[in-house]
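The values are calculated or read from the model by the stated rules, or taken from the named source; none is laboratory data. Bear in mind the structure is a predicted one, so any value in this text is a computation, not a measurement. Ideal geometry is used to build each Cβ from the backbone, glycine not excepted, and the neighbour counts take in all protein chains shown. The protein model used for the area step is the full one, side chains on, heavy atoms only, and it has no ligands, DNA or RNA in it. Shrake-Rupley method; radii C 1.70, N 1.55, O 1.52, S 1.80 Å.
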Amino acid sequence: MSDRYAVVGHPVAHSRSPAIHAMFAAQTGEALSYERLLAPLDGFEATLRGFAAAGARGCNVTVPFKFEAFTLAAQRTPRAQRAGAVNTLRFDAAGWAGDNTDGAGLVNDIERNAGRRLAGLQLLLVGAGGAGAGVLGSLIDAKPARITIVNRSVDKAEALVASHHDLGVPLVAAGLADAPAAQDVVINATSTSLAGAASPVDARVLKPGSLALDMMYGPQAQGFLDWAAAHGAEPRDGLGMLVEQAAEAFFFWRGVRPDTASVLAALRAELESAS
Ligand code: ATR
């Protein structure tokens with residue numbers, strides 16, 4: 001009998017997580033199945049309790065339930081605690097354990113797959129919503145020289161700086177128009193690409209060879225990626241982050257680290273043949 005897992009969200013139909021975890025399972029020989037679970041907006045907890053009662057071992061959590069998952073976890077990893085959100089639950093008999101693998105997924109993608117060590121770099125995080133807040137702690141752990149957080153509503157960027165200020169990396173909050181020039185790495189964590197806009201910040205934030213990463217992938221990221229390439233930066237979408245956060249979740253559940261490079265390549269090929 002294989003152990004059951006799922007991604008729980010609303011919507012969840014387009015999630016690539018089942019394909020990624022199926023590849024991880026095949027590669028490592030772990031006996032598990034992974035499905036999509038659509039939870040009603042007012043029925044996240046009931047959906048989870050039903051799934052756990054049916055013998056499932058854990059789940060990933062996606063929009064809009066990561067904050068509710070945080071409150072349902074009996075214990076949390078330090079990085080989940082810091083993110084204030086949970087994207088991975090393990091249904092332990094002693095109580096549900098919550099982790100947040102988004103930040104580590106982003107950093108691993110930048111450092112291992114894109115080959116950029118973040119230590120000592122100037123980093124710009126665009127967006128202080130749930131996606132930005134969820135990865136900030138892991139970005140700080142990577143020890144860049146400075147992180148500037150810009151957001152349309154500057155108070156949210158200021159709140160993030162206040163809650164992370166004593167972790168050893170200089171943090172600056174600003175509005176979108178005050179984003180600093182010539183950054184080494186620019187990360188788009190806003191949902192502006194959903195509306196088709198190229199970039200919420202001016203191109204002066206880039207310099208030749210900057211890495212410009214959108215946390216989304218597929219058509220939603222294309223405007224930002226084209227904008228970055230047109231200004232001499234190296235564009236990168238969120239597909240690598242997706243695979244890396246999944247690998248961290250897989251490890252949290254199974255204690256086994258899958259190889260991510262082959263899975264990312266397969267997913268990339270699939271995405272390109274679909275477009
Ligand atoms: P998520 O979980 O995807 O981060 P969120 O918490 O709603 O979703 O945050 C959305 C982010 O996109 C925020 O940084 C938001 O800016 P505000 O905090 O000022 O709302 C940003 N965003 C959304 N639409 C935007 C737009 N048209 N221009 C600039 N930023 C935008």
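Couple of notes before you dig in:
- C-alpha long axis of helix 130-141 to longest principal axis of the chain, angle in °: 80
- Within the accessible area of the chain (1.4 Å probe), percent carbon and sulfur: 55
- Mean sequence separation of contacting Cα pairs (under 8 Å, at least six apart), scaled by the length of segment 3-100, corresponds to a relative contact order of 28 percent.
- Taking only the C-alpha atoms of the chain, the Rg (one decimal) and the largest Cα-Cα distance, Dmax (whole number), read 18.3, 56 Å.
- Normalised per residue, the accessible area of the chain is 42 Å², obtained with a 1.4 Å probe and no contribution from ligands, DNA or RNA.
- Here the relative contact order of segment 103-239, from alpha carbon pairs under 8 Å that lie six or more residues apart, stands at 20 percent.
- Farthest toward positive dipole pole in the chain [+1 Lys/Arg, -1 Asp/Glu at C-beta], among ALA93, LEU48, PRO11: ALA93
- Calculation over all alpha carbon pairs of segment 3-100 in 5 angstrom steps from 0 returns a P(r) of 3, 14, 25, 25, 21, 11, 2, 0 percent.
- Cα gyration tensor shape for segment 120-183, rounded if a/c is under 1.5, else prolate or oblate: oblate
- Cβ-based net charge around GLY255, under 14 Å, with every Lys or Arg adding one and every Asp or Glu removing one: -1
- Sequence-separation-based contact order of the chain, relative, with Cα cut under 8 Å and 6+ spacing, percent: 15
- Projected area averaged over orientations for segment 103-239, convex hull of C-alpha atoms, nm²: 6.9
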